[in-house]
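What follows is a single structure, written as structure tokens, with notes after it.
The values are calculated or read from the model by the stated rules, or taken from the named source; none is laboratory data. Fair warning: this is a prediction, and the values are worked out from it, not measured in the lab. Every residue, glycine as well, gets a Cβ built from its backbone with ideal geometry; the counts of neighbours run over all protein chains shown. We work out accessible area using only protein heavy atoms, side chains counted, and drop any ligands, DNA or RNA first. Shrake-Rupley method; radii C 1.70, N 1.55, O 1.52, S 1.80 Å.
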Amino acid sequence: MLYKFKSRATADVIMLEPNGRQLVQIMGKEPGAGGIVTVEQIPAAIAAIEAAIAAEDHALAQAAQEREGDGSEERPDAVHLRQRAAPLLDMLRRSAAAGREVTW
């Protein structure tokens with residue numbers, strides 16, 4: 001399954017199911033075939049995603065410090081929440097500015 005986020009303010013954002021589900025849950029919504037983030041809910045959704053990104057960044061920094069001691073390295077091909085969430089965050093910000101909801 002794919003998640004296809006839509007807004008009348010931007011182009012569609014398409015994500016694979018695990019990534020889309022994760023972001024929908026972070027925004028405090030029920031994952032599934034359809035849903036909506038109203039204009040009034042967008043600021044809270046943005047804040048929730050940014051908080052999750054900050055938490056992951058902190059965990060990654062801590063893991064990097066721990067790896068320094070044992071000589072192992074992070075996988076260079078790892079894609080983190082910051083990269084996965086960027087298109088949706090942009091959509092949410094543009095939709096808020098245009099007064100449009102985001103659906104999936």
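For every residue, the table says whether it meets (1) among the aliphatic types (A, V, I, L, M); (2) within 13 Å of the chain's Cα centre (by Cα).
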residue	(1), (2)
GLY20	no, yes
ILE26	yes, yes
LYS29	no, yes
GLY35	no, no
GLU40	no, no
PRO43	no, no
ALA48	yes, yes
ALA51	yes, yes
ALA61	yes, no
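If we keep just the residues of the stretch 19-54 that are modelled with pLDDT under 95 and out of contact with any Ser or Thr (no Cβ under 9 Å at 6 or more places or on another chain), which is most open to solvent (accessible area, probe 1.4 Å)? Per the stated criteria, the residue is GLU30. Within the stretch 1-18, take every residue that is among the charged types (D, E, K, R) and in contact (Cβ under 8 Å) with a residue 24 or more places away in the chain and give me the one that is surrounded by the most Cβ atoms within 10 Å (Cβ to Cβ). Of everything passing the filter in the stretch 1-18, LYS6 is surrounded by the most Cβ atoms within 10 Å (Cβ to Cβ).
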